[in-house]
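Enquirer: I am attaching a structure below and will ask some questions about it afterwards.
The values are calculated or read from the model by the stated rules, or taken from the named source; none is laboratory data. All of these numbers come straight from a predicted model, not from anything done at the bench. When we count neighbours, we look across all protein chains shown, and the Cβ atoms used for this are built from the backbone with ideal geometry, even at glycine. With ligands, DNA and RNA removed, areas are computed over all heavy atoms of the protein, side chains included. Shrake-Rupley method; radii C 1.70, N 1.55, O 1.52, S 1.80 Å.
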Amino acid sequence: ITISRTINVLLFNLFIWGLIIFFVRSSYLRTLRNSIQKGFFSLEGAHIYDQQTIDILLEKIKTGRDTDIIYAFRLLEGAAYHDLNNLFQDQLLSRHKEVRKYALNTLEEKGEINIKQLHELLPIETDPEIKQHIIGLLCKMDPDYLTEAADNLKQADYDTRKVIITNMLNQKEFKFLFQGGNSLNELIY
């Protein structure tokens, strides 16, 4: 075998290898898109790197069930979608309770909480668990809100009181520690 024949064999193998990669990639994308559209998808091992699949996921977020929306968000996170935080903030007004919880938790983990938006969400939130989470975040991030909540503690329901007292006890100021301790003592007795 001559050197030129060896080079030709290697180049031919590289060409065949490139074609195989191209066909496997396009088959993978086609299968991924079909499974997302039908609602049978999981995020294990999925890699998204094309705009058409991202568009399908964005459509799922608009029209899907709560589990579909959460899976679509996870896939978009894996794809490093550029406008993800705005999508999460929009989902805080979603009709799906689980989606609102997921969006709130994710924004909290990323440190992208908008205090003004939390103040707007608080009066309209209907789910007690999410409402308590919003109150807890406001108590942590907005000292004025914590002061106001501490002053109006007796007017709050039992579960909300627990959240406010917990946040008061996490403060370093003696006023909050003292008031939180007294409020906790009242709840015990």
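Enquirer: Per the 1.4 Å probe, what fraction of the accessible area of the chain, in percent, lies on carbon and sulfur atoms? Could the numbers behind the result be given before it?
Expert: Details: 6820 of 12240 Å².
Ligands and nucleic acids excluded, carbon and sulfur reach 56 percent.
Enquirer: Can you give me the relative contact order of the chain as a percent, contacts being Cα pairs under 8 Å and 6 or more apart? The partial results should precede the final answer.
Expert: Values: 131 pairs, mean separation 18.3, N = 189.
Value for the chain: 10 percent.
Enquirer: Continuing with the same structure: Could you please state, rounded to a whole Å, how far the C-alpha centre of segment 144-189 is from the C-alpha centre of segment 106-140?
Expert: Here the two parts' Cα centres lie 18 Å apart.
Enquirer: Could you check the spin-label model distance between Glu129 and Leu14? Points 7 Å from the Cα along Cα→Cβ, value in nm.
Expert: Those two pseudo-labels are separated by 5.7 nm.
Enquirer: Just going by the charge dipole of segment 34-189, with Lys and Arg at +1 and Asp and Glu at -1 on Cβ, which of Ile56, Pro123, Leu177 is farthest out on the positive end?
Expert: So the residue we want is Leu177.
Enquirer: Now a separate question. Find me the longest stretch of the chain that has none of the exposed trypsin sites (Lys or Arg not before Pro), where exposed means in a DSSP loop (not H, G, I, E or B) with at most 14 other Cβ atoms within 10 Å.
Expert: The segment 96-171 is the longest one with no such site.
Enquirer: Now for a separate question. Taking 7 Å along the Cα-to-C-beta vector as the label spot, tell me the Arg65-Asp142 distance in nanometres, rounded to one decimal.
Expert: Taking the two extended label points, one gets 3.6 nm.
Enquirer: Continuing with this model, one more query. Report the calculated FRET efficiency for Asp151 and Asp55 (r = Cβ-Cβ distance, R0 = 41 Å), to the nearest 0.05. Intermediate values should be presented prior to the final figure.
Expert: Numbers: r = 49 Å, r/R0 = 1.20.
My answer for the efficiency is 0.25.
Enquirer: Compute the distance in nm between two label points, each set 7 Å from the Cα along the Cα-to-Cβ direction, one at Glu77 and one at Asn182.
Expert: Taking the two extended label points, one gets 4.2 nm.
Enquirer: Okay, moving on. Helix 51-63 against the longest principal axis of the chain: what's the angle in degrees, Cα atoms only, rounded to the nearest 10?
Expert: That helix lies at roughly 30 degrees to the long axis.
Enquirer: For the chain, what does the accessible surface come to per residue with a 1.4 Å probe? Please give it in Å².
Expert: Values: 12240 Å² over 189 residues.
Ligands and nucleic acids excluded, the figure is 65 Å² per residue.
Enquirer: Helix 3-38 against the longest principal axis of the chain: what's the angle in degrees, Cα atoms only, rounded to the nearest 10?
Expert: Rounded to the nearest ten degrees, it is 40.
Enquirer: Hey, another quick one. Of (1) 8, 26, 21, 16, 12, 7, 5, 3, 1, 0; (2) 6, 19, 27, 23, 13, 8, 3, 0; (3) 11, 42, 37, 9, 1, which one was derived for P(r) over Cα pairs in 10 Å bins from 0, in percent from the structure shown?
Expert: So the calculated entry is the one marked (1).
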